[in-house]
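Only one structure is covered here, and it is reproduced in the block below.
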Amino acid sequence: MNAFQILTVLSSIGVYFLIVLGGITTQTGSGMACPDWPLCFGELLPNLTTTVLIEMSHRYMAMIVGLLITSTFILAVRNYRNSKILLFSSAMSFLLVGIQGYIGMLTVTSILDPAIVTLHLALSTALFGFSLITAILALKTTYNVS
Ligand code: HEM
């Protein structure tokens with residue numbers, strides 16, 4: 001696998017676990033463990049109670065996934081411009097991860113408004129879909145997966 005393919009696969013796996021971590025955040029009632037954003041009680045690493053640990057893991061994991069997807073998009077623009085679908089799906093992932101970061105902030109500042117949390121969940125599944133399409137198309141370029 002080349003660097004681009006590894007990035008696309010890591011992005012999909014990252015989004016998958018981020019969604020699981022989001023579900024754990026909701027189900028353990030950790031959504032308001034950090035009442036502010038982007039820091040937690042004004043700190044990068046606050047006192048780690050279990051709920052703070054869960055909420056902070058979700059945020060830091062989102063940052064890592066954001067970096068992976070941004071790097072994928074940059075490489076797609078530089079090296080895969082001839083594959084319009086690949087370019088489109090990685091651009092959609094890039095757009096959605098940015099929007100998700102913003103909506104993630106709104107989940108906190110709106111004190112878990114159900115409409116915002118539902119939108120957050122809906123966009124995360126779309127993001128997973130596009131990241132998966134990007135990975136499959138990237139693998140197809142070498143392994144000719146049909
Ligand atoms: C790519 C980025 C992200 C994805 C894919 C994602 C995904 C999810 C998912 C699937 C849930 C569970 C929703 C539910 O159970 O209905 C969730 C919950 C949550 N997310 Fe994210 N998230 C992302 C980024 C962020 C960011 C940057 C923040 C910033 C604070 C954030 C804050 C939250 C909070 C507070 C909850 C808990 C909501 C509740 O308790 O009801 N998320 N996330």
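The values are calculated or read from the model by the stated rules, or taken from the named source; none is laboratory data. Because the structure is predicted, anything quoted here is derived from the model rather than measured. Here Cβ is always computed from backbone atoms with ideal geometry, including for glycine, and neighbour counts include all displayed protein chains. Calculation scope for accessible area: heavy atoms of the full protein, side chains included, ligands and nucleic acids excluded. Shrake-Rupley method; radii C 1.70, N 1.55, O 1.52, S 1.80 Å.
Among the numbered criteria (1) under 11 Å from the mean Cα position of the chain (by Cα); (2) open to solvent by less than 80 Å² (accessible area, probe 1.4 Å); (3) among the β-branched types (Val, Ile, Thr), which one does residue 64 miss?
Checking residue 64 against (1) under 11 Å from the mean Cα position of the chain (by Cα); (2) open to solvent by less than 80 Å² (accessible area, probe 1.4 Å); (3) among the β-branched types (Val, Ile, Thr), the one that fails is (2).
For segment 93-112, enumerate the residues that are among the aliphatic types (A, V, I, L, M), surrounded by fewer than 19 Cβ atoms within 10 Å (Cβ to Cβ) and closer than 16 Å to residue 70 by Cβ.
Residues satisfying the conditions are 95, 99.
Would you mention how many residues in segment 24-61 are touching a helix residue (DSSP H, G or I) at 6+ places or on another chain (Cβ under 7 Å) and open to solvent by less than 40 Å² (accessible area, probe 1.4 Å)?
Residues that pass the stated criteria total 10.
Please enumerate the residues belonging to segment 109-118 that are more than 16 Å from residue 18 (Cβ to Cβ) and in a helix (DSSP H, G or I).
Kept after step one, since they are more than 16 Å from residue 18 (Cβ to Cβ), are these residues of segment 109-118: 109-116, 118.
109, 114, 115, 116, 118, listed by residue number.
Kindly provide the set of residues from segment 1-57 that are part of a loop (DSSP other than H, G, I, E, B), within 11 Å of the ligand (Cβ to nearest atom) and without any contact (Cβ under 8 Å) to a residue 24 or more places away in the chain, ordered by number.
Result: 29, 33, 39.
For residue 83, all conditions in the list (1) away from the ligand (no atom under 14 Å from the Cβ); (2) open to solvent by 80 Å² or more (accessible area, probe 1.4 Å); (3) not hydrophobic (A, V, I, L, M, F, W, C) hold save one; what is the number of the exception?
In the conditions (1) away from the ligand (no atom under 14 Å from the Cβ); (2) open to solvent by 80 Å² or more (accessible area, probe 1.4 Å); (3) not hydrophobic (A, V, I, L, M, F, W, C), residue 83 misses (2) alone.
Scan segment 102-124 for residues that are within 30 Å of residue 141 (Cα to Cα) and touching a helix residue (DSSP H, G or I) at 6+ places or on another chain (Cβ under 6 Å) and jot them down.
Listed by number, the residues that qualify are 123, 124.
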